[in-house]
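**Q** I'd like to ask you about the structure that follows.
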Amino acid sequence: MYQPDTLKEYLSPSAKDDFDDIVLARKLGASANIVSIGNMLKDIAAHAAENGLSAGEMIDRVLAIAGYFDKLRGESTVAVTNAIKLMTGGLSALREAPLAEACKRVTDSCNRYGEKAREWMDNIVTYGYNLIKGCKGILVFDYSSSVDAIAKQAALNGQIMDIYIPESRVLDGGKPFAVTAVEMGHRVHFFPDVAIYHFLQKSDMAFIGVETFYPDGSAANTVGTDMLAILCKQAGVPFYIPTTLIKVDMRGLQGIVKRDLAQDLSGLLAAHWDENLRAHTDFTCPDLSIIGPEYITGYITEVGIVPGTAMFGVAREYAAKLEKGEL
C-alpha cells in the first residue's frame, strides 16, 4: 500500500499543489477534485521520459495515484470513482507499448474527460436557466457550483432575482452562494436555517446540489437537505437538483447506500461554552441526509430534466454506457 508522501514524490511541483488541494481539503467538491486528479495523471505522463520510466512504470504510477484518490474521495463521492474509470480505462493493456503511445493515451483520456465535463455543465446551465426564466426569487441551499452557475447565467442574461440563502452551518455552505450572487447583482437574503419556511414561501423554486444519487431517484446530500425537501413539498415549491449523471451510484441496486457519519460539532456550536457544560454535552450530528424521489421535482442533468421518480431508466442506460466507456 502506497503512502501519501511516496505518491506525492511522483509529481512535479505544480502537480503537488493539486495533490495537497485534495488531501488538505483546500478544494471542495467532486468536480474540483476530479480536475486535480486529471492534472496529476497528465503530469506523470508529461514527465515520464525525463524520469526514465518505461510505459509499465508510468502506468503503475498513474494507477497508484488514481487508486489512492479513488479510495480517499470515491468512497464518499462516487463521481470521483466514475471519472477515474473513464480517465484510466484500458490503460493496463499498454504496459508493453512504446512510452510515447502510453503517455499520449493518458493525456488524451484526461483531456477527453475534461471536454465532456465542460459540455455536460454547459447543458445543465442551459436547461437550468430555461427553467428559472421568469422567476422572481429562488432559494438555494448548501453550496453547489452547478446551482451557482445557473444563477450566474440568469444575471448575465439580465435576469436579476431575489436569492434566498439559508445558512448551511455544518459546512458554511451558504456564504459562497452569497459571494457570487452579490457580484452578479442579485438581491441576496441570508438567514438562519430555522427561517427556511418563511423565505421558501417567497421563492418560486428551490435548488440544491447533491453529493450522490441513486438509480431509484433518491439523493444523498448535506444534513438539512431533508428538512428543505419536506418543506418544499408542504409549501408546493418545486425542488430541483442540478447534477451530472456521473454522480449516480449504481450500488444502490445492491442495497448499498451512504451511511451517516457522525461529526462532533462542539467546536462550531459551543466554542464559548463553559468547559464543564461542554464536556457533559453530546454534539454529534450526522453529515448527510437521504431524500426520497417523491420529494424531487426534477434532476437537471446533461441529458435533460428528469423527475426523481423517473430516474431509474435514465440511470441504467447511463451506467451501461459508463461501463463500456461510451460517454
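**Q** Tell me the relative contact order for segment 243-327 as a rounded percent, counting alpha carbon contacts under 8 Å between residues six or more apart.
**A** Values: 63 pairs, mean separation 26.6, N = 85.
It comes to 31 percent, rounded to a whole number.
**Q** Here's a follow-up. For segment 6-153, what is the Kirkwood estimate of the hydrodynamic radius, computed as the reciprocal of the mean inverse distance between distinct Cα atoms, to one decimal in Å? Before the final figure, lay out the partial values.
**A** Numbers: mean 1/r = 0.0602 Å⁻¹.
Roughly 16.6 Å, rounded to one decimal.
**Q** Let me see the pair-distance distribution of segment 54-94: every alpha carbon pair, 5 Å bin width, integer percents in order.
**A** That works out to 6, 25, 30, 21, 11, 5, 1, in percent per bin.
**Q** Once the piece of chain linking Lys202 and Ile160 is laid out straight, how much longer is it, given 0.36 nm per residue of separation minus the C-alpha distance between them?
**A** Here the segment from Lys202 to Ile160 would lengthen by 13.6 nm.
**Q** Return the carbon/sulfur percentage of the accessible area of segment 101-140, one whole number, probe 1.4 Å, all protein chains in place.
**A** 47 percent
**Q** Based on the alpha-carbon gyration tensor of segment 189-327 and its eigenvalue square roots a ≥ b ≥ c, which shape applies: rounded if a/c is under 1.5, prolate if not and a/b is larger than b/c, or oblate?
**A** oblate
**Q** For segment 125-242, what is the convex hull volume of its Cα atoms per residue in Å³?
**A** Measuring per residue, one finds 94 Å³ for the Cα hull of segment 125-242.
**Q** Taking segment 1-68 as the region of interest, what is the percent of Cα-Cα pairs per 10 angstrom bin, listed from the shortest bin to the one with the maximum distance?
**A** Calculated over all Cα pairs of segment 1-68, the distribution is 22, 57, 20, 2 percent.
**Q** Identify all aspartates and glutamates with a Cα-Cα distance to Lys116 below 13 Å; exclude those on the same chain that are fewer than 8 residues away in sequence.
**A** Asp108, Glu302, Glu326
**Q** Counting Lys and Arg as +1 and Asp and Glu as -1, each charge on the Cβ, what is the dipole of the chain about the Cα centre in debye, to the nearest 20?
**A** That gives the chain a dipole magnitude of about 700 debye.
**Q** Per residue, how much accessible area does the chain have with a 1.4 Å probe, in Å²?
**A** Heavy-atom accessible area per residue stands at 48 Å².
**Q** Another one. Using a 1.4 angstrom probe on heavy atoms only, work out the carbon and sulfur share of the accessible area of segment 230-327 in %. Walk me through the numbers on the way to the answer.
**A** Details: 2900 of 5510 Å².
Percent of accessible area from carbon and sulfur atoms in segment 230-327: 53.
**Q** Would you calculate the separation in nanometres between label points at Asn130 and Leu269, each defined as 7 Å from the Cα along the Cα-to-beta-carbon direction?
**A** Spacing of the two 7 Å Cα→Cβ label points: 4.3 nm.
**Q** Enter the Cα centre distance for the pair segment 210-288 and segment 1-51, rounded to the nearest angstrom.
**A** Spelled out, the Cα-based centre of one part sits 29 Å from the other.
**Q** Here's another thing I want to ask about it. Taking a threshold of 29 Å on the Cα-Cα distance, which of the pairs Lys16/Lys85; Lys71/Lys152; Lys42/Lys247; Lys42/Lys324 fall above it?
**A** Working: Lys16/Lys85 22 Å; Lys71/Lys152 33 Å; Lys42/Lys247 23 Å; Lys42/Lys324 22 Å.
Violating the 29 Å Cα-Cα cut-off are Lys71/Lys152.
**Q** Right, another one. In terms of solvent-accessible area of protein heavy atoms at a 1.4 angstrom probe, what is the ranking of Glu96, Glu183, highest value first?
**A** Glu96, Glu183
**Q** Right, next: Would you mind counting up the charge near Leu94? Only other residues with Cβ under 10 Å from its Cβ, with Lys and Arg at +1 and Asp and Glu at -1.
**A** Combined, the nearby Lys, Arg, Asp and Glu give +1.
**Q** Restricting to Cα atoms and excluding each atom paired with itself, what does the Kirkwood estimate give for the chain in Å?
**A** One over the average 1/r among Cα pairs gives 21.2 Å for the chain.
**Q** Further, regarding this structure: What residue among Thr225, Thr126, Thr284 has the largest mean-square fluctuation in a Gaussian network model of the chain, using Cα springs under 10 Å?
**A** The residue that fluctuates most here is Thr284.
The values are calculated or read from the model by the stated rules, or taken from the named source; none is laboratory data. Because the structure is a prediction, the values reported are computed rather than measured. Methodologically, a virtual Cβ is constructed for each residue, glycine included, from the backbone with ideal geometry; neighbour enumeration extends over all protein chains shown. Surface accessibility is based on the protein's heavy atoms, side chains included, excluding ligands, DNA and RNA. Shrake-Rupley method; radii C 1.70, N 1.55, O 1.52, S 1.80 Å.
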